């Protein structure tokens with residue numbers, strides 16, 4: 001599950017997850033740049049354009065329906 005919270009609430013979320021024994025890992029921060037970037041340590045592991053990701057998401061169900069036809 002991917003959850004987005006403000007920078008100010010990030011520590012509180014991680015603490016609450018820890019109390020509930022729910023695994024929780026901070027992946028990154030939201031910036032003005034319209035990209036998703038996931039770091040592994042300090043190195044970029046994934047960089048993707050948000051418009052492209054939105055298009056993939058919007059087409060997911062129609063694509064699945066067409067593949068079964």
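Relative to the dominant Cα principal axis of the chain, helix 50-68 is inclined by about 50°. With the cut-off at 21 Å, report for the chain the share of all Cα pairs above it, as a whole percent. Result for the distance tail: 45 percent. Taking every C-alpha pair closer than 8 Å and separated by at least 6 residues, the mean separation divided by the residue count of the chain gives a relative contact order of 16 percent. Angle of helix 7-19 to the longest C-alpha principal axis of the chain, folded into 0 to 90 degrees and rounded to 10: 80°. Using R0 = 35 Å, the C-beta based FRET efficiency linking residue 13 and residue 58 works out to 0.80.
Using alpha carbons only, how many angstrom separate the centre of segment 11-25 from the centre of segment 33-66? Centre-to-centre (Cα) distance: 25 Å.
Coordinate-derived values only; no laboratory data. These figures come from a predicted structure and were not determined experimentally. Because the Cβ atoms are built from the backbone with ideal geometry, glycine has one as well, and the counts that use them run over all protein chains shown.
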